[in-house]
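**Q** Here it is, the structure, as structure tokens.
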Amino acid sequence: MPPPKLSLSDEADPSLVWVVRGLLIGIVLTLLALFGVALWLNPYEVDGSPRRLATHQQLGLPPCTFVAVTGQPCPACGMTTSFALLVRGDVANSLRANWVGTLLALFCLLLIPWGVASIVRGRTLLIRSPEQAALSVCIILFSLMMLRWAFVVVGSVL
């Protein structure tokens, strides 16, 4: 029995392949820059103790408005610090700063080789729908941030 013939709809659109590759190149370069910034930041106090938050202020950003108004950390407080600590191999303090940030940083580290493999391949590796995958990642990340935040707020009230 001869192999089935491919229709035009079954073949990859060459322009789409380059669009996908271009987007993946942008993602990989952005992630590399993100980790470069994390290496540049200093997540330790003058006395050598690890920070828990406010490392982002080294980038010229203002203090967290949520903390200033409520006295409680926002769901994203400590994420920059957790990235900066993780790239230094300080996993325990990265988890203390913001464990969701640590998970996000590890996920982003895995995205780099995945992105390179997908660029070489010309399409996303192991993912049929990048849009669905991105939506799922965003929902999971948001849910974990809210869960962590609830524990932080409840813990500070007790």
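**Q** Ile25 versus (1) in contact (Cβ under 8 Å) with a residue 60 or more places away in the chain; (2) exposed (fewer than 13 other Cβ atoms within 10 Å of the Cβ): which is the lone unmet condition?
**A** Unmet condition: (2).
**Q** Could you list, in sequence order, the residues of the stretch 31-50 that are in contact with an Asp or Glu (Cβ under 9 Å, 6 or more places away or on another chain) and either part of a loop (DSSP other than H, G, I, E, B) or loosely packed, with under 11 Cβ neighbours inside 10 Å (or both)?
**A** Hit for the stretch 31-50 is Pro43, nothing else.
**Q** Determine the pairs where a residue that is of a type outside the set (A, V, I, L, M), located within the stretch 139-158, has a partner that is surrounded by 10 or more Cβ atoms within 10 Å (Cβ to Cβ) and part of a helix (DSSP H, G or I) with Cβ atoms under 9 Å apart, the partner being 6 or more residues away or on another chain.
**A** Arg148/Asn98; Arg148/Trp99; Arg148/Val100; Trp149/Val100
**Q** Are there any pairs, at least 6 apart or on different chains, whose C-beta atoms fall under 9 Å, with the first in the stretch 62-74 and free of Cβ contacts under 8 Å to residues at least 12 places away in the same chain and surrounded by fewer than 14 Cβ atoms within 10 Å (Cβ to Cβ) and the second small (Gly, Ala, Ser) and assigned to a loop (DSSP other than H, G, I, E, B), and if so, which?
**A** Qualifying pairs under 9 Å: Pro63/Ala54.
**Q** Since Ser118 meets every condition but one in (1) among the polar types (S, T, N, Q); (2) closer than 22 Å to Leu34 by Cα; (3) not in a helix (DSSP H, G or I), which condition does it not meet?
**A** Exception for Ser118: condition (3).
**Q** Could you check how many residues of the stretch 82-92 are in contact (Cβ under 8 Å) with a residue 40 or more places away in the chain and outside any loop (DSSP other than H, G, I, E, B)?
**A** The initial filter retains those residues of the stretch 82-92 that are in contact (Cβ under 8 Å) with a residue 40 or more places away in the chain, namely 83-88, 90.
Now drop any that are not outside any loop (DSSP other than H, G, I, E, B), which leaves 83-86.
Within the stretch 82-92, residues that are in contact (Cβ under 8 Å) with a residue 40 or more places away in the chain and outside any loop (DSSP other than H, G, I, E, B) number 4.
Here, each number is a calculation from the coordinates, and none is a lab measurement. No experiment lies behind these values; they were computed from the predicted model shown. Glycine also receives a Cβ, built like all others from the backbone with ideal geometry; neighbour counts cover every protein chain displayed.
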